[in-house]
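The structure appears right after this line, and notes come after that.
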Amino acid sequence: MKKKYSYVGITFIILLFGIYVVRNLDRRSKENDLVQEDRLNKVDKDYVKNNALFTFDKVPEFEFTDQNGETISNKDYKGKVYVVEFFFSTCPTICPIMNKKMLTIQDDFSSESDFGIASFSITPDIDTPEILKEYAKKNRITHKNWHLLTGKSDEVVYALANKGFKLYAGKGDEEHGGFEHSGLFALVDKNGYIRSRKDDYGNPIMYYRALEEQGFSDQIKELKEDIKILLNE
């Protein structure tokens, strides 16, 4: 008889535990849905509040010619927050998309004299200052600190991209215009250091996605917020 009561008691405890687990899982599921729905907003507010931007290596020295025929070096960006990209004017694939995203950044910071953009051409033989000036006009590039930069040779810009910024640039398939480059933007602070926020797991993202990739959205919104943080440093 005692064994029967014992079994009944155990069954009752298991039943109560099961009810508790189901309710707890249901609550956590609902909370997770809310977290997922508002996740970006909460993360954004945390970064703005905590100013938690990670610091990487300093940008290497560089010297190129811009669309106006002027010599521009990393020293011209000293004291400025700026975004870096690699592109080429005849790019048939990702460059037009990246340019549209960069234009929204230009427009949002059009009145900021301490903000700039550095767009490095990976086809210097094609992208002469005259070509880049026409490209700037055609694509509504108006910010005085947005420099379209061309170098003396492919090797110079490839070295800056691959070794300096660690953003890939090189020869590619014909369907990509014969060249390839990263679809990421780098953010540089006023002292010339590459900066970025961290992901949800505390890992620095290092660069910001300009494109939607493999189900992940772009990070232009986050980039704009972090530009504001650096401008206020």
Exercise. Determine if segment 108-131 includes at least one residue that is in contact with a helix residue (DSSP H, G or I) (Cβ under 7 Å, 6 or more places away or on another chain), among the hydroxyl-bearing types (S, T, Y) and closer than 22 Å to E222 by Cα.
Key: no
Self-check item: Any hit, segment 134-155, residues being touching a residue at least 40 places away in the same chain (Cβ under 8 Å) and open to solvent by 70 Å² or more (accessible area, probe 1.4 Å)
Solution: no
Quiz item: When you scan segment 105-127, how many residues do you find that are open to solvent by 50 Å² or more (accessible area, probe 1.4 Å) and either over 18 Å from the mean Cα position of the chain (by Cα) or in contact (Cβ under 8 Å) with a residue 24 or more places away in the chain (or both)?
Solution: 8
Quiz item: Scanning segment 82-107 for residues that are touching a helix residue (DSSP H, G or I) at 6+ places or on another chain (Cβ under 7 Å) and among the hydroxyl-bearing types (S, T, Y), which turns out modelled with the highest pLDDT?
Solution: T104
Exercise. Check off (1) modelled with pLDDT under 95; (2) surrounded by 15 or more Cβ atoms within 10 Å (Cβ to Cβ); (3) under 25 Å from D127 (Cα atoms); (4) not hydrophobic (A, V, I, L, M, F, W, C) for E175 and give me the number that stays unchecked.
Key: (2)
Practice problem: Go through (1) hydroxyl-bearing (S, T, Y); (2) assigned to a loop (DSSP other than H, G, I, E, B); (3) in contact (Cβ under 8 Å) with a residue 60 or more places away in the chain and name the single condition Y201 misses. | Solution: (3)
Self-check item: Single match in E134, E130 (criterion: of a type in the set (D, E, K, R), modelled with pLDDT of 95 or more, farther than 17 Å from V84 by Cβ and in contact with a Ser or Thr (Cβ under 9 Å, 6 or more places away or on another chain))
Solution: E134
Quiz item: How many of the residues in segment 219-233 are open to solvent by 40 Å² or more (accessible area, probe 1.4 Å) and part of a loop (DSSP other than H, G, I, E, B)?
Solution: 2
Quiz item: Restricting attention to segment 83-107, which residues are of a type outside the set (A, V, I, L, M, F, W, C) and within 14 Å of I220 (Cα to Cα)?
Solution: E85, N99, K100, K101, T104, Q106, D107
Quiz item: Do the conditions hold for S196, that is, is it hydroxyl-bearing (S, T, Y), within 16 Å of V83 (Cα to Cα), within 12 Å of the chain's Cα centre (by Cα) and at pLDDT 95 or above?
Solution: yes
Quiz item: surrounded by fewer than 21 Cβ atoms within 10 Å (Cβ to Cβ) and over 20 Å from Q106 (Cβ atoms): does that describe E213?
Solution: yes
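The values are calculated or read from the model by the stated rules, or taken from the named source; none is laboratory data. Remember, it's a predicted structure, so these values are computed and weren't measured experimentally. With ideal geometry, Cβ positions are generated from the backbone for all residues, glycine too; neighbour counts draw on all protein chains shown. For the accessible areas, the whole protein counts, side chains as well, though only heavy atoms, and no ligand, DNA or RNA atoms are used. Shrake-Rupley method; radii C 1.70, N 1.55, O 1.52, S 1.80 Å.
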